[in-house]
Each structure stands twice: as structure tokens, then as C-alpha cells.
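Colleague: One structure follows; several queries about it will come next.
Taken together, the values in this text are just the output of simple stated rules run on the coordinates, not laboratory data. Since the model is a prediction, treat every value here as computed from it, not as a measurement. Reconstructed Cβ throughout: ideal geometry from the backbone, glycine too, with neighbour counts over all protein chains shown.
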């Protein structure tokens with residue numbers, strides 16, 4: 001596996017990689033979710049590139065940029081084991097040099113859900129992803145369903161700006177007890193970790209109700225809220241039943257829906273989702 | 001010369017064109033300025049693509065989108081004569097399909113000069129240029145110095161978003177009397193056309209003063225304002241002595257400057273500029 005730091009190094013190495021090339025954009029601190037994306041890129045493409053960049057512009061002023069888990073040497077080893085041909089880990093100063101002032105903004109899709117509680121987050125995401133696409137020039141880019149809104153926003157951005165590539169969204173990878181894998185799970189205290197699967201339980205119960213015939217958005221939402229309410233440590237920020245494409249909150253009977261939530265456990269904010277229908 | 005309409009047609013044809021490929025983005029109504037860009041692309045690149053798209057999102061609500069001159073069959077002939085390999089003329093509905101919601105925004109460089117009087121203009125420009133770059137995948141893109149701020153904004157955008165291409169800015173082409181060529185010159189009434197070279201005269205006098213040793217930004221600005229004031233039909237909107245890279249308005253002694261102005265002649269708005277130093 002080649003390791004590139006600067007964009008110039010990346011471009012030189014990328015020129016020797018066969019097409020179709022699959023890009024897996026990451027912020028490092030790899031878990032099984034990241035590795036599943038790298039393996040999928042490895043399987044589906046002639047070459048696989050992993051970018052590792054903790055993107056400061058997608059963190060809010062009061063968010064966890066400084067604390068975000070970093071373990072570059074472990075990440076390097078795991079990326080290589082998962083089959084990456086190239087790991088690109090640029091410096092912040094090269095991605096955002098002095099005078100940087102161009103932003104990619106996606107409008108309505110970034111307003112609800114995460115966008116409501118993380119203003120500026122998706123501007124940072126859309127901008128860095130556009131930069132990664134132009135630097136790496138992949139034919140496919142791999143994202144996790146865990147960050148459902150991110151996947152929808154990135155797909156819209158790629159389509160609207162005519163990026164010549166395919167966005168591939170891969171299933172959420174979970175711990176044995178159902179907790180969605182996330183670098184932020186490392187923040188959880190032992191008692192918080194014990195109750196963290198409550199997000200998945202709440203989603204699963206609503207999905208089960210849907211499969212059993214329940215179609216009312218309000219009822220599905222209440223299923224989730226009730227389960228979360230049963231866990232005193234869990235403080236829900238939002239619980240949503242939304243259109244999977246427009247992300248508009250739904251009411252009345254639904255045929256398909258993105259069930260999603262953000263929940264605080266102590267100082268840690270977790271998100272999770274399931275698609276139904 | 002191949003003619004492409006849809007993005008799919010463009011991509012199929014583009015795949016057969018040799019690299020390096022030069023792109024000349026235009027809104028049609030070709031004059032010698034456009035043709036000089038196409039010839040330059042033809043000379044410097046293995047293939048030359050001209051895009052022809054009157055981009056609605058860079059026109060303000062009260063601007064001249066509907067009236068903007070259009071002559072596609074003449075444009076086609078001229079592009080071919082100038083050496084274009086491919087003319088791409090997409091429909092508005094394909095460039096901005098329902099649900100389109102992604103914008104490229106360049107911050108401080110779009111605030112002064114044209115940005116002050118044409119809010120939203122550069123958002124439309126940056127967005128369409130990003131789309132054209134991704135659709136055509138050129139190694140070089142050609143813009144005219146006539147739209148000086150546009151050239152600075154597009155160069156910044158391309159650099160900030162890591163587009164793998166070079167922005168080439170070509171000299172303004174002028175009529176024999178000095179009037180900068182512009183599709184909008186067609187709007188001028190005969191008496192307005194007679195006085196239209198006053199923009200170039202004002203710029204030239206300030207540039208001459210600079211060459212003769214005058215370095216005070218305020219004095220250079222006054223040279224231009226005085227010349228414009230001598231022409232009753234000319235109604236200046238702004239007259240600027242700005243930093244050529246940051247576009248910040250200058251005062252005190254200057255080493256290099258972008259002299260620029262926007263002037264109304266009747267209902268027509270003309271812009272022009274000269275670089276000094």
C-alpha cells in the first residue's frame with residue numbers, strides 16, 4: 001500500500017492505479033464499518049484509495065474536533081489489511097490553505113435532521129467531498145448508510161455538479177448488541193455503552209411494527225420515542241420518520257421511510273437509522 | 001466538428017478526444033473575443049471543446065436573460081472555423097433538473113465590484129463552471145480578461161476545489177476604436193455605440209498616468225472618473241483601482257492594480273478593465 005501526504009504525491013501515485021478506482025473517504029479511527037467500505041471498494045474496483053482526513057470544516061465550534069479519536073498507525077495497518085492500494089492523509093494546511101474561500105452548499109436536503117442541530121456541518125462535508133473527488137478522480141465513492149443524511153446529500157451534490165462517478169452506499173455495520181459502529185462510541189462511559197443499543201432497539205421496534213403493517217408515521221415515531229423514554233440515560237435530540245429521498249418529515253400513512261434519531265448519552269451524541277419499505 | 005446536446009452525448013464524444021483538452025465555456029453570440037479563446041485552445045491543446053449555454057442562474061431577476069443575444073447556427077459555424085472539435089450546447093432542463101440544489105460559492109472575491117451590483121451572479125458562474133469542468137474534464141479552461149473578476153473567481157474556485165486543470169486567461173479583444181468586444185454591445189443604440197469607447201479611453205488614460213509614474217490609487221481613480229464625466233451619456237456605476245488578486249479596493253501608492261469600471265449607456269451596462277504594473 002502506497003502512502004501519500006501531499007496532493008502532488010497523491011496525483012503521482014493515483015496515475016499508476018487502474019480504473020475503475022474506488023474511493024473511501026474517511027476521518028480515520030477505523031472500525032469494522034470503515035473496513036467493510038474498503039473491502040467493498042477492493043472487490044468492486046480495479047483499485048481502492050482510502051482518504052484519511054479529519055475535516056475541520058464539518059465540525060461545529062462546540063463540537064469534538066480536538067477530541068476526535070486519531071490512531072494513524074493503526075489505521076494504516078487496517079487499511080492495508082482491508083486491501084487499500086493507496087492511503088492518502090493530507091494535512092489541514094494543504095486542504096485549506098490561506099485564502100481558501102470556496103464552499104459547496106446543498107440546500108433543502110441539509111436543512112432538517114442533522115442539519116438542524118449541526119449548522120454548517122453539511123457545507124463542510126459537501127466541500128471536502130468535492131475536493132476529495134477532484135483530487136482522487138474515482139469512478140466510485142463509498143459511504144456508509146450509518147450517516148444516512150450525508151449519503152443523500154453527497155449523492156445529490158455529485159449529481160448536481162455532474163461528477164463523473166457513482167456513489168455507493170453500504171450497510172451500517174453493528175456491534176453484536178446492535179449498536180451502530182462509530183468512532184464516537186469510544187467516548188462512551190461503561191454505563192452509557194451498556195444502554196447505547198437502545199437506539200437500534202427503538203429503530204428495530206418501529207421497523208418491526210412497519211413490517212407488521214403499521215403505516216402511520218406518527219405511530220412509528222411514537223414507537224421509537226417510547227423505547228427511548230424507557231432508558232433514563234438516553235436524551236433524544238430528534239426522532240424522525242422522513243422521506244428517504246427528500247428527507248422531509250412525514251405524517252399520515254407512509255410507503256417508505258427513513259427512521260432516524262440522534263440521542264445524547266452523557267456528553268456523547270449518537271445517531272442511527274433504518275430504512276423501511 | 002461534433003455537436004453534442006445531452007451530457008451523455010458529450011461524454012461519449014469527449015471520450016474520443018485527445019488530451020490535453022482545452023475547454024472554452026461560452027454563452028454564445030460569438031464575437032472575436034470568443035473566437036480568440038477557441039483559437040488559443042486549438043493551438044495549445046490536442047483538442048478543443050466549446051460549451052454554449054446561456055446560464056440562467058448567473059442572471060439577476062432584473063437582468064437581460066430573456067433578451068441575451070442568441071444565434072446558435074452562426075455560433076456553430078464560427079466555432080468550427082475557429083477549430084473547435086466539439087460544440088456542446090445543453091438544455092437548461094438538463095443542467096438544472098427538478099430538485100437541483102447544489103451551489104458553489106466563492107466568498108470574499110465575489111463581494112466587491114460586479115458582486116456588489118449583481119448579487120448571486122458569481123454563485124451562478126462558479127456553479128455552472130464547476131458543472132462544465134466535471135462534464136467535460138478539460139486539462140485547460142480558457143476565459144477572457146474582459147471579465148476580470150470572473151477570471152479571478154474561477155481561478156480561486158478551481159484551486160480551492162482541487163480541479164485538476166489550468167485556468168488560462170486571455171487578453172481582451174477590442175474593436176478598432178477600443179471598445180471591448182461583448183455580446184451586450186449589440187444592445188447599444190447608434191449614439192451610445194459612438195461614445196462607448198469612453199470606458200477604454202478612461203482606463204487607458206489612467207494606465208498612461210501609471211506608466212508616467214503616477215502611483216496614487218485615488219489619483220488614478222480620479223483620472224478615470226474625470227474622463228467618464230466628460231461624456232454625458234455615460235453613467236458610471238463603479239470606478240475601481242483594486243488589488244489584482246484580492247480585488248480589495250486600494251488607496252495610497254500602488255505597485256500593481258486592476259483598473260476597472262461598470263458604466264451604463266442608456267439601458268446597456270458595459271464593463272471593462274486594464275491591469276497595470
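Colleague: Between residue A:94 and the same site in the other copies, what are the distances in nm, shortest first, taking label points 7 Å from Cα along the C-beta direction?
Modeller: 3.7
Colleague: Can I ask one more? Please give the calculated 222 nm ellipticity per residue for chain A, where each DSSP H segment of at least 4 residues contributes -39500 (n - 2.57) and the sum is spread over every residue; nearest 500 deg cm²/dmol?
Modeller: Result for chain A: -11000 deg cm²/dmol, rounded to the nearest 500.
Colleague: Next up: Using the 10 angstrom Cβ neighbour count as an exposure proxy, how do B:5, A:156 rank, fewest first?
Modeller: Numbers: B:5 13, A:156 22.
Fewest to most other Cβ atoms nearby, the residues stand as B:5, A:156.
Colleague: A further question on this structure: Tell me the angle of helix A:198-211 to the major Cα principal axis of chain A, expressed in degrees between 0 and 90 and rounded to the nearest ten.
Modeller: Roughly 70 degrees, rounded to the nearest 10.
Colleague: Considering every residue in B:96-102, what mean count of other chain Cβ atoms within 10 Å of its Cβ is obtained?
Modeller: The shielding value for this peptide is 6.
Colleague: Rounded to the nearest 0.05, what FRET efficiency do residue A:249 and residue B:208 have when you use their Cβ-Cβ distance and R0 = 51 Å?
Modeller: Taking R0 as 51 Å, the efficiency between residue A:249 and residue B:208 is 0.20.
Colleague: Once you put a point 7 Å from the Cα of residue A:91 and another 7 Å from the Cα of residue B:70, both along the Cβ direction, what distance in nm separates them?
Modeller: Label at residue A:91, label at residue B:70, 5.1 nm between them.
Colleague: Classify segment A:183-276 as rounded, prolate or oblate, taking a ≥ b ≥ c as the square roots of the eigenvalues of its Cα gyration tensor: rounded when a/c is under 1.5, otherwise prolate if a/b is larger than b/c and oblate if not. Don't skip to the answer; put the middle values down first.
Modeller: Values: a/c = 2.41, a/b = 1.88, b/c = 1.28.
It comes out prolate by the Cα gyration axes.
Colleague: What does the structure give for B:156-166 when I average, per residue, the other chain Cβ atoms found within 10 Å of the residue Cβ?
Modeller: Averaged over the peptide's residues, the number is 6.
Colleague: Under the convention of a label 7 Å out along Cα→Cβ, give the distances in nm from residue A:139 to the same position in every other copy, shortest first.
Modeller: Label-point distances to the other copies, shortest first: 2.1 nm.
Colleague: Follow-up question, since we're still on this one. Taking each label point as 7 Å beyond Cα in the direction of the beta carbon, state the distances from residue B:32 to the same residue in the other copies, shortest first, in nm.
Modeller: Copy-to-copy label distances at residue B:32, shortest first: 7.1 nm.
Colleague: Listing A:267, B:110, A:127, B:246 from the residue with the fewest other Cβ atoms within 10 Å to the one with the most, what is the order?
Modeller: Taking fewest neighbouring Cβ atoms as first place, the list is A:267, B:246, A:127, B:110.
Colleague: Under a point spin-label approximation (7 Å from Cα along Cα-to-Cβ), what is the residue A:191-residue B:2 distance to one decimal in nm?
Modeller: Placing both labels 7 Å along Cα→Cβ, they lie 6.8 nm apart.
Colleague: Which angle from 0 to 90°, rounded to the nearest 10, does the C-alpha axis of helix A:121-136 make with the longest principal axis of chain A?
Modeller: So the helix axis and the longest Cα principal axis differ by about 30 degrees.
Colleague: Separate question: Within 10 Å of each Cβ in peptide A:107-116, how many partner chain Cβ atoms are there on average? Round it to a whole number, please.
Modeller: Per residue, the average neighbour count from other chains is 1.
Colleague: Then there's this: Within 10 Å of each residue's Cβ, count the other Cβ atoms and sort B:122, A:59, A:210 from fewest upward.
Modeller: A:59, A:210, B:122
Colleague: D for the protein assembly as shown, whole µm²/s, Stokes-Einstein with Kirkwood Rh over alpha-carbon pairs at 37 °C and 0.692 mPa s: what number?
Modeller: 126 µm²/s
Colleague: Taking segment A:18-111 as the region of interest, what is the percent of Cα-Cα pairs per 5 angstrom bin, listed from the shortest bin to the one with the maximum distance?
Modeller: With a bin width of 5 Å, the distribution comes to 2, 12, 20, 19, 18, 16, 10, 3, 0.
Colleague: Report for chain A the percent antiparallel among DSSP-assigned beta bridges with both residues inside it, nearest 5.
Modeller: Numbers: 20 of 39 bridges.
Here the antiparallel bridges make up roughly 50 percent for chain A.
Colleague: Here's another thing I want to ask about it. For segment B:2-170, what class follows from the C-alpha gyration tensor (a ≥ b ≥ c being the square roots of its eigenvalues): rounded when a/c is under 1.5, otherwise prolate if a/b is larger than b/c, else oblate?
Modeller: Values: a/c = 1.41, a/b = 1.31, b/c = 1.08.
Rounded, because the longest to shortest axis ratio a/c is under 1.5.
Colleague: Something else: Set the Förster distance to 25 Å, then compute FRET efficiency between residue A:12 and residue A:32 from the Cβ-Cβ distance, nearest 0.05.
Modeller: 0.20
Colleague: Modelling each spin label as a point 7 Å along the Cα-to-Cβ direction, I'd like the residue B:218/residue A:80 distance in nm, to one decimal.
Modeller: 6.5 nm
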